[in-house]
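Participant: Attaching a single structure in structure tokens format; questions to follow.
The values are calculated or read from the model by the stated rules, or taken from the named source; none is laboratory data. Source: prediction; values computed, not measured. Please note: Cβ atoms are built from the backbone with ideal geometry, for glycine as well, and neighbour counts cover all protein chains shown.
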Amino acid sequence: MLTLYIARHGQTEWNIEKRMQGWEDSNLTALGLANANALGERLKDVQFQAAYSSPSGRAVDSARAMLQNRSVPFITDDRLKEISIGRWEGKTYDEIKQSDPDLLEAYFNAPETYMPDEGESFYDFERRVSRAYESILRRHREGNVLIVS
């Protein structure tokens, strides 16, 4: 039997600043790294056959902290990136609320209607990530696999 351990990256500097990240990157905070290490400690007895991560620094750093120096195949996959949010990347929530209030409302409260000029719709994002998971499921039939995005 295959067991997937799916984890989110730790808190980042931009999370604190309420900046939208998307494909842009921001470093983990001390708390974000501590939380990733704590999860790694909870998973210390799990034997992973592989680890998959988004290539963003925050996801890679979180995954490595969770693995605690274990020697397992470590694969980055672009399909595991967060949703691309185009011109919003790096902007604060308040900046976006002023420039694109209706689109921001759709993003958070009606994602099926969110259709940006740049970036991805949630439908496109879901399709991309689903393909990554399908690929992982084809490669691994049993054991434990860590996925961090």
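Participant: Does residue 105 satisfy the criteria of being charged (D, E, K, R), modelled with pLDDT of 95 or more and either touching an Asp or Glu at 6+ places or on another chain (Cβ under 8 Å) or surrounded by fewer than 18 Cβ atoms within 10 Å (Cβ to Cβ) (or both)?
Facilitator: Judged against the criteria, residue 105 is a match.
Participant: Right, next: Does residue 110 qualify as being exposed (fewer than 12 other Cβ atoms within 10 Å of the Cβ), among the small types (Gly, Ala, Ser) and at pLDDT 95 or above?
Facilitator: yes
Participant: Then there's this: Looking at residue 6, is it surrounded by fewer than 13 Cβ atoms within 10 Å (Cβ to Cβ) and touching a strand residue (DSSP E or B) at 6+ places or on another chain (Cβ under 9 Å)?
Facilitator: Taking the combined requirement at face value, the residue satisfies it.
Participant: Turning to a different aspect of this structure: For region 60-70, name all the residues that are more than 12 Å from the chain's Cα centre (by Cα) and either hydrophobic (A, V, I, L, M, F, W, C) or surrounded by 14 or more Cβ atoms within 10 Å (Cβ to Cβ) (or both).
Facilitator: Listed by number, the residues that qualify are 64, 65, 66, 67, 70.
Participant: May I ask you to list the residues in region 122-149 that are under 22 Å from residue 59 (Cβ atoms) and not in a helix (DSSP H, G or I)?
Facilitator: Within region 122-149, 140, 143, 144, 145, 146, 147, 148, 149 meet the criteria.
Participant: Going through region 57-86 one residue at a time, which ones are acidic (Asp, Glu) and more than 21 Å from residue 41 (Cα to Cα)?
Facilitator: 77, 78, 82
Participant: A follow-up question, please. Conditions: (1) part of a loop (DSSP other than H, G, I, E, B); (2) closer than 23 Å to residue 92 by Cβ. Residue 16 meets all but one. Number of the miss?
Facilitator: (1)
Participant: Considering only residues that are hydrophobic (A, V, I, L, M, F, W, C), free of Cβ contacts under 8 Å to residues at least 40 places away in the same chain and under 26 Å from residue 119 (Cα atoms), look in region 15-59 and name the one that is surrounded by the fewest Cβ atoms within 10 Å (Cβ to Cβ).
Facilitator: 16
Participant: Additional query: Does region 71-91 contain any residue that is part of a helix (DSSP H, G or I), out of contact with any strand residue (DSSP E or B) (no Cβ under 9 Å at 6 or more places or on another chain) and exposed (fewer than 14 other Cβ atoms within 10 Å of the Cβ)?
Facilitator: Taking every residue of region 71-91 in turn, at least one turns out to be part of a helix (DSSP H, G or I), out of contact with any strand residue (DSSP E or B) (no Cβ under 9 Å at 6 or more places or on another chain) and exposed (fewer than 14 other Cβ atoms within 10 Å of the Cβ).
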